[in-house]
Amino acid sequence: MDSPQQQKKAAGFSLDLGPLKEPIGFIRLLEWFFAIFAFATTGGFSGTTHFKVKCPGSDTHDVKPVFGYPFRLPANPFVIPSCNTTAKNQTFLQGDFSSSAEFFVCVGVFAFLYCTATLVLYLGFQYMYRQTTRGPIVDLVVTGAFTFLWLVSSSAWGKGLTDVKWATNPENLVTQCKDICEPGESPSLGRLNASVIFGFLNLILWAGNCWFIYKETPFHKDPIPVEGGPTGP
């Protein structure tokens with residue numbers, strides 16, 4: 001019979017990569033990667049839009065308003081040169097889209113942390129996860145909650161990104177000085193487009209993973225057949 005110390009040692013961390021070969025572990029690893037891509041492509045983004053000011057009889061002036069995460073666009077003023085005087089007109093990009101961007105990044109960060117914790121549980125404490133019904137049930141509830149959060153945050157950020165594109169479009173910016181201004185290069189927003197795609201990919205992954213976690217719960221398992229059932233006459 002094992003001593004209490006031996007039993008305690010056996011109950012410690014025991015690395016087993018086997019769960020990565022199963023859908024529940026492999027999909028969780030994919031969720032870990034895609035959560036990083038989702039918040040990394042949004043947080044820390046910085047871009048520049050561009051338009052030109054052409055004054056009669058003078059050089060062309062390039063105006064390059066800067067914007068970035070968390071997309072409080074009025075936080076970065078820019079200057080439009082004046083043709084008639086030496087004075088310069090300071091103005092701002094319009095729109096505050098920080099709520100949807102920060103919500104999306106927050107969901108991504110917390111999803112990444114949860115994936116990290118559950119991967120440690122799957123790979124190092126698998127016996128604890130499957131020893132009782134509590135582990136799979138809690139995992140199913142949290143995974144379902146993250147599925148809903150990915151749906152809401154990705155949809156909100158998709159709408160927010162559409163508004164950011166409109167607010168930083170050079171065609172729209174030159175309306176405030178259309179007599180002397182002409183649009184320049186549009187900002188490069190491919191990274192932000194990718195962030196929305198990663199958000200909806202996370203939604204699909206987390207929703208699909210709910211089924212595989214559900215199979216680990218007692219709600220899916222068949223009842224244990226009763227031995228020695230009733231016999232016929």
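I need every pair where a residue in region 38-53 that is without any contact (Cβ under 8 Å) to a residue 24 or more places away in the chain has its Cβ under 6 Å from the Cβ of a residue that is surrounded by fewer than 21 Cβ atoms within 10 Å (Cβ to Cβ) and assigned to a strand (DSSP E or B), sequence separation at least 6 or different chains.
S46/G68
Could you please give the count of residues in region 17-64 that are under 12 Å from Y122 (Cβ atoms) and open to solvent by 70 Å² or more (accessible area, probe 1.4 Å)?
Total satisfying the criteria: 3.
Do you know which residues across region 124-142 are among the hydrophobic types (A, V, I, L, M, F, W, C) and buried (at least 19 other Cβ atoms within 10 Å of the Cβ)?
L140 - this is the single residue of region 124-142 that is among the hydrophobic types (A, V, I, L, M, F, W, C) and buried (at least 19 other Cβ atoms within 10 Å of the Cβ).
Give me the strands (runs of 3 or more DSSP E) completely within region 55-113, filtered to those with at least 3 residues that are within 30 Å of W32 (Cα to Cα) and polar (S, T, N, Q), ordered by residue number.
By residue number, no strands (runs of 3 or more DSSP E) qualify.
With a cut-off of at least 3 residues that are under 28 Å from the mean Cα position of the chain (by Cα) and either in contact (Cβ under 8 Å) with a residue 40 or more places away in the chain or over 20 Å from S100 (Cβ atoms) (or both), name the helices (runs of 4 or more DSSP H) lying wholly within region 119-227.
In region 119-227, 134-167, 190-214 are the helices (runs of 4 or more DSSP H) which contain 3 or more residues that are under 28 Å from the mean Cα position of the chain (by Cα) and either in contact (Cβ under 8 Å) with a residue 40 or more places away in the chain or over 20 Å from S100 (Cβ atoms) (or both).
Please list, ordered by first then second residue, the pairs with beta carbon atoms under 8 Å, 6 or more apart or interchain, first in region 64-85 and farther than 26 Å from D179 by Cα, second loosely packed, with under 13 Cβ neighbours inside 10 Å.
Final answer for the pair search is G68/G44; G68/S46; Y69/G44; Y69/S46.
Are there any pairs with C-beta distances below 8 angstrom linking a residue in region 89-116 that is touching a residue at least 40 places away in the same chain (Cβ under 8 Å) to a residue that is surrounded by fewer than 19 Cβ atoms within 10 Å (Cβ to Cβ) and basic (K, R), with the two at least 6 apart or on different chains, and if so which?
So the pair list comes out as F97/R72; S100/K159.
Mind listing whichever residues of region 42-69 are of a type in the set (A, V, I, L, M) and out of contact with any Asp or Glu (no Cβ under 9 Å at 6 or more places or on another chain)?
Taking region 42-69 and keeping what is of a type in the set (A, V, I, L, M), we get 53, 63, 66.
Within region 42-69, V63, V66 meet the criteria.
With the requirement that a residue be among the aliphatic types (A, V, I, L, M) and open to solvent by 70 Å² or more (accessible area, probe 1.4 Å), what does region 76-115 give you?
L113
Among (1) at pLDDT 85 or above; (2) touching a helix residue (DSSP H, G or I) at 6+ places or on another chain (Cβ under 7 Å), which single condition is P19 missing?
P19 satisfies every listed condition except (1).
The values are calculated or read from the model by the stated rules, or taken from the named source; none is laboratory data. As the structure is a prediction and not an experimental result, all values here were calculated from the model. Methodologically, a virtual Cβ is constructed for each residue, glycine included, from the backbone with ideal geometry; neighbour enumeration extends over all protein chains shown. Side chains included, ligands, DNA and RNA excluded: accessible areas come from the protein's heavy atoms. Shrake-Rupley method; radii C 1.70, N 1.55, O 1.52, S 1.80 Å.
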